[in-house]
Each structure stands twice: as structure tokens, then as C-alpha cells.
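First comes the structure, then the notes that go with it.
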Amino acid sequence: MMAKKITGALSARSRKVVALLLLAVMVFSTAVVTTSCRSGVNGTIYIYCYGDYYDQKIIEQFEDATGIGVVQDTYDTAEELYTVLSNGATSYDCICTSDYMIGKMIEEGMFAEINWDNVPAIVNIDEQYMQKSEEFDPGNKYSMPYQVGVQSIVYNKTMVGDVVIDSWDDLWNEKFADSIVMPDSVRDAFAVALLKNGYSINTTNEAEIAKAADDLIKQKPMVYKYANDAARDLLADGSCAIGVVWNGEYDYITTLNEDIELVVPKEGAQFFIDSWAIPKDCANKEGAEAWMNFLCKKKTAFTNFDYLYYTTPNKAALELIDEEVLETEAIFPTQETIARCTSLKSMSTENMAIYSKYWKKVKAK
């Protein structure tokens, strides 16, 4: 049986908010990390990705297998990546970012179409995730799914007692006053309140956004803390009875606290797909496609799963994962669960201003 991780991987979503200490140690004061002294006999690719989002040993494996050198650069938020690429100051051959940002960049014509003939291992990506990707990449022309996850409620079954937890509305239960942890993020927090009311997480209806804000304001006196990275630890150590985290945190939290349970609420949830894509101004498109193909390979995908412990969309890699892990719905949500989830979509500046206005009201109360 696959050994349960003792340290756990840091959240894929949490890494998008602040730089990791590990990354800081790795790169010191430099922004660009070269992986080796290889000359790149078949060329070099420059990749841009969230920090610590793949096992570093796959870089050497890729270089040995292809003769293509790799230069890595990292960033903290999708918005940071967008600013760098839209300014055109630096060019990259392959980038990894979030679904809503992929959609925004597609709309703005910032990507080159992928030649899937050069990525034959794409057949290893489960069709359900290819279909979900079409929500932001119609026709799957520009992006390759890499990691996926679901916004969930995690709770301590001994602390919640006989209360059945199955709805976002449970986060407004006064029995859990001063024992709730909520996301410290405008879109993530509003997603919870919007779904509670039966609204779309991508609504631009100001009345619906205002109603969600009112609910968040009513909930605020019961919230122990708004947190991103720290949420999993607050739940693991019993500081909070219930809270919102990404399902990829489940293995880490349950390693520390066996009383933890996870549920994807009946109203549905936010679902993310982080994907790789090729900027239109890339210098080595075939090298980028070779990188994508390597990531799709069975052993590579398994290596990354074992490093991150997040849901992998790679169906071939599942053959290498212990059956007990595969049957853990918190790590591998069912198709029924995924079907009732929705991805965030990019907002216009005007619509984001509406969300920001109401989020300020929530935080000010």
C-alpha cells in the first residue's frame, strides 16, 4: 500500500497566494532557476509555473529523455503571470496557470494552438477533464489539464456532534460560532455564499453579489479566522470545527487528525483545473509540446501525484496508485461530484470592481 504522506504537499491553490519558504530557499535571490549545465543539444525551453508545482526530479528526467534543456521561472499568482506576459518583457515557451486565467488569455489571443500530433500522450488525460476544460478552452485548442481540485468543507466529526454536514449553509450554523475558518480571498469566499443561495459563482448580477455579501457579513461574527494556507492547520489542530479548504489538503489534515471528514456540498462547488499552455510568442514550440507530452506520460504523472497528492487528471497514472487511495473520494471525487461543480471564469475589470466593493464591506464590518 502507498505510504500515507507524513508532511503532506502544500495546497495547490494556497501556493498561488504567497511564495513558499521552500521556493525561497531554492532560488535565493534569483527569479530564474536553471536546472543544470546541460547544453540543450536539442534546444532549450523556458517554462513559467506556480512555485513548487512539480517534482524537481522530472526536469532531469525530461532533459535526459529529450536532450532539451529546461530553464524554470516561477510566480505566485495568476495575475502576476498575466502582467508579465501581457507586458511582453519576457517570453516563455510553456506556462502553467489557472483555468480562469487561461480563458482570459485565450480571449486576448495570447496563446498558440497546440499541435496535438506532438503530444500523443494526451490520450492519458481522462476525457471528463478534457470536457471540463472546454468551459474555458472551447475545443481544447490551447491548454492541457495538469492538476484539478474541488473547494470543499472539512470538519471535525467529534466537534460538530450530531449535525449532518452536507451544505454550504452549515457554515452559518450558530453552533459553530468562533469555530469556522473561511477563505481569505474575494472570489473563493463569494463562491461559498453564492452557492449557498443557489447563484452562479460567476454571476455578474450585482443584486446577487450584494446578497452574498450580506450573508458573509452575517456570518462574520461566527468566523474564527479568514485563512488560506493556515486553514488546514486550524482544522488539523482542533482550533476550528469546520472550514473551507481544497480537497488536496485532505491527506495532510487526516494524517494529523483522524477525526476529520470532507464533503463537497450538495449545492455544488468551485472546481479548478490548472493547465499548461504555449504563449504565442514562444521561441521553441515543439520543445514546449515535448514538455507537455512528457508531463502526460504515466510515470511522470504518478511522480507528480505522489509529490502533490492532488487529484490527477491522468487516467494512466491511476494504475500506479494504491487502490485505497483511489477509493478515497476526498482525493478522487466521483464523476457525479465533478458534474455539479463549476470553474471560475475571468471577470472584466468592471465586474471585478463590483466584487471588490462588496468584499471591502465584508472585511470592514
Modelled label-to-label distance, residue 131 and residue 162, 7 Å Cα→beta-carbon offset: nm? 4.1
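Provide the packing ranking of 147-157, 195-205, i.e. peptides ordered by the mean count of other C-beta atoms within 10 Å per residue, highest first. Working shown, then result.
On the way: 147-157: 23.2, 195-205: 17.2.
Peptide ranking by packing, descending: 147-157, 195-205.
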Whole percent per 5 Å bin, from 0 to the bin with the longest distance: what is P(r) over all C-alpha pairs of the range 35-164? 2, 8, 15, 18, 18, 15, 9, 5, 3, 3, 2, 1, 0
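Please work out the average accessible area per residue across the range 132-282, using the 1.4 Å probe convention, and give it in Å². Don't skip to the answer; put the middle values down first.
Working: 5150 Å² over 151 residues.
So the range 132-282 comes to 34 Å² accessible per residue, rounded to a whole number.
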Between (i) 1.15; (ii) 1.08; (iii) 0.98, which entry matches Cα Rg over 2.2 N^0.38 Å as derived from the coordinates of this structure? (iii)
Starting from the 7 Å offset along Cα-to-Cβ, what nm value, one decimal, do you get for the label separation of residue 356 and residue 281? 2.5
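Taking the highest mean first, how do the peptides 288-299, 123-134, 325-336 order by number of other beta carbon atoms within 10 angstrom per residue? Numbers along the way, then the final one.
On the way: 288-299: 21.7, 123-134: 17.2, 325-336: 14.6.
So the order, starting with the most tightly packed, is 288-299, 123-134, 325-336.
Would you mind telling me the share, in percent, of accessible area of the chain contributed by carbon and sulfur at probe 1.4 angstrom?
Values: 7640 of 15280 Å².
Ligands and nucleic acids excluded, carbon and sulfur reach 50 percent.
For the chain, what does the relative contact order come out to in percent, with C-alpha contacts under 8 Å and a separation of six or more? Before the final figure, lay out the partial values.
Working: 643 pairs, mean separation 99.3, N = 365.
Reported relative contact order: 27 percent.
Expected output is a single nm value to one decimal: the length gained when fully extending between residue 298 and residue 210, i.e. 0.36 nm times separation in residues minus the C-alpha distance. What is it? Could you put the intermediate results ahead of the total?
Values: separation 88, 0.36 × 88 = 31.68 nm, distance 4.61 nm.
Extra length available between residue 298 and residue 210 comes to 27.1 nm.
Tell me the mean residue ellipticity at 222 nm calculated for the chain from its helices only (DSSP H runs of n ≥ 4, each -39500 (n - 2.57), averaged over every residue, nearest 500). Spell out each step's value before the answer.
Details: 15 runs with 133 residues, N = 365.
When only DSSP H runs of four or more count, the value is -10000 deg cm²/dmol.
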Return the Rg/Rh ratio of the range 185-296 with Cα-based radii and a Kirkwood Rh. 1.10
Evaluate the range 118-217: find the radius of gyration of its Cα atoms, find its Kirkwood radius, and give the ratio Rg to Rh. 1.09
Which residue, 214, 99, 188, has the most motion in a Gaussian network model of the chain that connects Cα atoms within less than 10 Å? 214
Once you've got the Cα coordinates, tell me which of 104/299; 298/345; 175/220; 196/357 are over 23 Å apart. 104/299; 298/345
Applying a 10 Å radius around every beta-carbon, put 280-287, 351-358 in order of their mean neighbour count, most first. 280-287, 351-358
Between the range 219-242 and the range 310-363, what's the alpha-carbon centroid distance in Å? 20
Between 348, 167, 91, find the one with the highest GNM mean-square fluctuation for the chain; connect C-alpha pairs within less than 10 Å. 348
Between the modelled labels at residue 169 and residue 364 (7 Å from Cα along Cα→Cβ) the distance in nm is 3.1
Give, rounded to the nearest 20 debye, the magnitude of the charge dipole that the chain has about its Cα centre when Lys and Arg contribute +1 at Cβ and Asp and Glu contribute -1 at Cβ. 860
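The values are calculated or read from the model by the stated rules, or taken from the named source; none is laboratory data. Everything numeric here is computed off the predicted structure, so don't read it as measured data. Note that each Cβ is placed from the backbone with ideal geometry, even for glycine, and that neighbours are counted across all protein chains shown. Ligands, DNA and RNA are stripped out before the accessible areas are found, and what is left, the full protein with its side chains, is counted by its heavy atoms. Shrake-Rupley method; radii C 1.70, N 1.55, O 1.52, S 1.80 Å.
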